[in-house]
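What follows is a short report on a single structure.
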Amino acid sequence: MRLSRTATPLLFLIPTLLMLTVFVLFPIVNTIYLSLVDKQGEFVGLGNYEQIFNDDAFWNPQNLAEGKPPPYGALIHNGIWILVHLPLSIFSGLLLAVLLRDVKGGAIIKSIVFLGMVIPLIVGGILLRFIYVEDAGIVNGFLRTVGLGSFARTWTAYPETILLALIFGTVWIWTGFSMIVYSAGLEGIPTELFEAAKIDGASSWRTFWRITIPMLKPATIVVVTMTVLWELKIFDIVWIIQQGGPQNASMVMTLLMFLQAFLYQRQAQNYHTASAIATMLTLLTIGFAAYMVYRMVKS
Amino acid sequence: MSKTKISTWLKRAKRPNIKKTFAKLRRVKKITILIHVLAWSASLIWIIPFLGVVMASIRPMQEIVNGWWNFDVFTPTLRGFTEAWTSPPDAPLSRAILNSILVAIPSTFIPILIAALGAYSFARFKFPTRDLLFLAVVLLQTIPQQMVIIPVFFLTIRIGLWNNYLGLILVHTAFALPWQILFLRNFFSILPVEVEEAARIDGASYLKIFYKIVLPLSLPAIASLIALQFVWVWNDFFFALTLIASPELRVATQAVASLHGRFIDWNIVAAGSIIVMIVPIAIYFALQRYYVRGIVAGSVKG
């Protein structure tokens with residue numbers, strides 16, 4: 001049987017459209033609906049959103065304003081994650097990509113750095129918890145060796161330290177991504193540019209800022225987009241280390257959503273506020289991705 | 001007179017030059033050495049945590065507490081591996097590894113087949129709303145798992161697929177389609193169309209062209225998809241956590257998470273972590289070129 005040119009594309013697309021409609025599109029619409037009604041199914045407008053902003057686990061800026069340690073609430077924690085993790089992981093990835101280009105054994109080092117992107121994030125979380133443990137963790141072993149033993153502690157056990165400890169740990173996990181994308185970007189820069197700069201007598205410092213960095217702009221847009229999306233969606237690591245604790249000090253949006261929908265008992269369990277959190281998270285991810293795609297298309 | 005003068009000129013002219021060249025050489029060398037030292041010590045930061053978990057997996061708890069980097073006493077043991085592999089008795093890690101394989105294999109091949117058909121349609125045919133539809137499909141990539149999980153949870157309960165691998169496989173399939181379609185459409189659109197047109201003139205159907213010509217030509221792209229998707233499903237924790245509940249059905253990430261209880265025996269947890277992460281690491285090293293190409297292409301165009 002020969003299919004026509006008009007029927008074929010439709011037939012080929014049917015499985016895709018069916019799967020996406022049932023398991024992605026319909027659930028998205030349903031989650032938005034759930035976020036707008038209460039437990040009795042009554043329409044409450046943005047009531048559920050109001051409720052999550054009244055929940056200290058989601059939004060607690062007082063501590064931040066008073067200069068107190070976390071918890072600041074999941075939304076602010078995700079924000080801090082972006083503010084600290086994004087520049088650090090971009091910078092270390094770029095640094096490694098540039099350094100390792102002319103280093104003997106650079107390819108091996110790259111493979112090892114990239115392992116953070118390959119292992120399950122659950123295992124990544126276990127690795128992080130292990131390096132921060134008071135007696136057996138290498139971080140404290142290092143502090144004792146350099147004479148700072150009085151600071152040694154289980155860094156993931158205290159509200160003052162857990163958030164930053166996890167953020168620095170996720171830099172360790174995620175640097176491989178920016179390194180790989182920047183490495184590919186570096187390979188794409190035509191060598192004539194560097195040769196011309198050399199003939200003109202430009203220093204390697206100047207060449208780096210005037211040629212390498214601008215030519216890497218497309219790579220940077222990709223790295224920033226993917227990294228911010230990853231920071232907003234972070235779940236496994238926070239779950240495995242303290243399930244958002246102690247005292248919500250490492251709570252993030254994905255985890256709070258999960259706890260409200262599936263783990264809290266009876267009264268506290270609430271699909272509707274959980275849906276409101278999921279919807280807000282999705283607006284943030286889609287909004288940011290759309291903005292970055294728009295910038296990419298414009299440039 | 002002129003001879004000596006010339007030779008002194010030459011000496012004067014040459015001496016500083018030679019010196020300069022040597023100084024330059026030495027400086028270049030210093031920088032190269034500095035870069036090597038810097039790069040290798042930076043890489044230590046990435047190696048040490050892995051070394052630590054390997055050490056912890058083969059040393060008893062007392063020695064781990066003293067610091068796995070201390071070797072005053074060193075009694076290697078495989079107790080951690082045997083304990084992790086066989087405990088808890090009703091649902092050991094060995095069972096969870098098998099379960100993960102059972103989930104990951106169909107969750108890898110089913111979406112690739114569906115996505116290839118869809119991507120081919122987007123790459124080779126013109127139909128109304130095509131570009132809009134494509135953009136919509138691609139945008140779904142950014143949807144967090146949390147945005148679908150409550151309705152998916154109820155849906156799978158209603159159709160009897162909750163706590164059932166088929167449900168988990170279908171959800172993984174749907175979530176893989178957007179990025180795989182984007183990846184494959186980009187690949188298909190750089191394949192030469194002449195062969196396909198010739199086959200069409202010879203009377204081959206579109207379906208036949210698809211699996212006799214297009215799929216074989218796309219093997220490098222499909223290798224990237226296999227590597228990335230298998231590792232993605234193997235590593236997934238959130239969908240498994242919400243859709244699989246019975247201890248004997250739990251997948252590897254769930255099992256290693258439950259080894260990591262309130263009182264942690266790092267020997268067992270480290271051994272379990274190694275067992276669970278060795279699979280994606282092996283796939284990565286076996287298919288490294290395809291893996292990295294998939295990450296870069298998938299994200300550069302995404």
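Just so you know, in segment B:200-244 the residues that are within 26 Å of B:ILE190 (Cβ to Cβ) and β-branched (Val, Ile, Thr) include one that is farthest from the chain's Cα centre (by Cα), and it is B:ILE201. Of the conditions (1) on the phi < 0 side of the Ramachandran plot; (2) more than 14 Å from chain B (Cβ to nearest Cβ), A:GLY73 clears all except one; give me its number. Against the list (1) on the phi < 0 side of the Ramachandran plot; (2) more than 14 Å from chain B (Cβ to nearest Cβ), A:GLY73 comes up short only on (1).
Conditions tested, residue by residue: (1) free of Cβ contacts under 8 Å to residues at least 60 places away in the same chain; (2) touching a Gly at 6+ places or on another chain (Cβ under 8 Å).
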| residue | (1), (2) |
| --- | --- |
| A:PRO190 | yes, no |
| A:ALA196 | yes, no |
| A:GLY201 | yes, no |
| A:ARG210 | yes, no |
| A:ALA219 | yes, yes |
| A:VAL224 | no, no |
| A:TRP230 | yes, no |
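Select from segment A:232-249 the residues that are part of a loop (DSSP other than H, G, I, E, B) and of a type in the set (A, V, I, L, M) and write down the one among them that is farthest from the chain's Cα centre (by Cα). Filtering segment A:232-249 for residues that are part of a loop (DSSP other than H, G, I, E, B) and of a type in the set (A, V, I, L, M), the one farthest from the chain's Cα centre (by Cα) comes out as A:ALA249. Residues that are among the small types (Gly, Ala, Ser), within 10 Å of another protein chain (Cβ to nearest Cβ), over 19 Å from A:GLY79 (Cα atoms) and surrounded by 20 or more Cβ atoms within 10 Å (Cβ to Cβ) are absent from segment A:152-169. With respect to the conditions (1) among the charged types (D, E, K, R); (2) in contact with a helix residue (DSSP H, G or I) (Cβ under 8 Å, 6 or more places away or on another chain); (3) under 21 Å from A:MET292 (Cβ atoms), A:LYS217 lacks only one, and its number is (2). Restricting segment A:15-57 to residues that are of a type in the set (A, V, I, L, M, F, W, C) and outside any helix (DSSP H, G or I), which is nearest to A:SER250 (Cα to Cα)? Among those residues, the one meeting the criterion is A:ALA57.
Residues in segment B:244-253 that are assigned to a helix (DSSP H, G or I), more than 7 Å from every other protein chain (Cβ to nearest Cβ) and surrounded by 23 or more Cβ atoms within 10 Å (Cβ to Cβ): B:ALA252 alone.
For A:VAL293, the stated conditions do not hold, so it cannot be described as surrounded by 21 or more Cβ atoms within 10 Å (Cβ to Cβ), facing another protein chain (nearest Cβ under 10 Å), among the aliphatic types (A, V, I, L, M) and in a helix (DSSP H, G or I). Just give me the residues in segment B:206-226 being in contact with a Gly (Cβ under 8 Å, 6 or more places away or on another chain) and at the interface with chain A (Cβ under 10 Å from one of its Cβ atoms), in sequence order. Answer for segment B:206-226, where residues must be in contact with a Gly (Cβ under 8 Å, 6 or more places away or on another chain) and at the interface with chain A (Cβ under 10 Å from one of its Cβ atoms): there is none. Of all residues in segment A:1-34, those being within 24 Å of the chain's Cα centre (by Cα) and not aliphatic (A, V, I, L, M) number 3.
Here's the yes/no breakdown for (1) within 30 Å of B:LEU166 (Cβ to Cβ); (2) hydroxyl-bearing (Ser, Thr, Tyr):
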residue	(1), (2)
B:ILE58	no, no
B:PHE81	no, no
B:LEU93	yes, no
B:PHE109	yes, no
B:SER121	yes, yes
B:ARG124	no, no
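Out of segment A:178-217, which residues are assigned to a helix (DSSP H, G or I) and touching a Phe, Trp or Tyr at 6+ places or on another chain (Cβ under 8 Å)? A:MET179, A:ILE180, A:THR207, A:ILE211, listed by residue number. Filtered by the rule that a residue be polar (S, T, N, Q) and at the interface with another protein chain (Cβ under 10 Å from one of its Cβ atoms), segment A:179-201 gives a lone residue, A:SER183.
Test B:LEU117 against the stated conditions and say whether it is assigned to a helix (DSSP H, G or I), more than 13 Å from chain A (Cβ to nearest Cβ) and surrounded by 13 or more Cβ atoms within 10 Å (Cβ to Cβ). Considered against the rule, which asks whether it is assigned to a helix (DSSP H, G or I), more than 13 Å from chain A (Cβ to nearest Cβ) and surrounded by 13 or more Cβ atoms within 10 Å (Cβ to Cβ), B:LEU117 comes out as no. Of all residues in segment B:152-168, those being surrounded by fewer than 21 Cβ atoms within 10 Å (Cβ to Cβ), within 11 Å of chain A (Cβ to nearest Cβ) and not in a loop (DSSP other than H, G, I, E, B) number 3.
Of all the criteria given as (1) within 14 Å of chain A (Cβ to nearest Cβ); (2) within 30 Å of A:ALA152 (Cβ to Cβ), the one not satisfied by B:THR32 is (2). With respect to A:ASN30, is the statement that it is within 14 Å of another protein chain (Cβ to nearest Cβ) and of a type outside the set (Gly, Ala, Ser) true? Criteria met by A:ASN30. Among the residues of segment A:258-273, write down those that are more than 18 Å from A:GLY125 (Cβ to Cβ) and part of a helix (DSSP H, G or I). Correct list: A:GLN260, A:ALA261, A:PHE262, A:TYR271, A:HIS272, A:THR273.
Per-residue answers, yes or no, for (1) facing chain B (nearest Cβ under 7 Å); (2) surrounded by 22 or more Cβ atoms within 10 Å (Cβ to Cβ); (3) at pLDDT below 90:
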residue: A:SER92; (1), (2), (3): no, no, no
residue: A:ARG101; (1), (2), (3): no, no, yes
residue: A:ILE119; (1), (2), (3): yes, yes, no
residue: A:VAL123; (1), (2), (3): yes, yes, no
residue: A:TYR132; (1), (2), (3): no, yes, no
residue: A:ASP135; (1), (2), (3): yes, no, yes
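Among the residues making up segment B:88-103, a single one is of a type in the set (D, E, K, R) and in a loop (DSSP other than H, G, I, E, B): B:ASP90. The residue that is surrounded by the most Cβ atoms within 10 Å (Cβ to Cβ), counting only those in segment B:63-87 that are of a type outside the set (A, V, I, L, M) and part of a helix (DSSP H, G or I), is B:GLY80.
The values are calculated or read from the model by the stated rules, or taken from the named source; none is laboratory data. These figures come from a predicted structure and were not determined experimentally. Note that each Cβ is placed from the backbone with ideal geometry, even for glycine, and that neighbours are counted across all protein chains shown.
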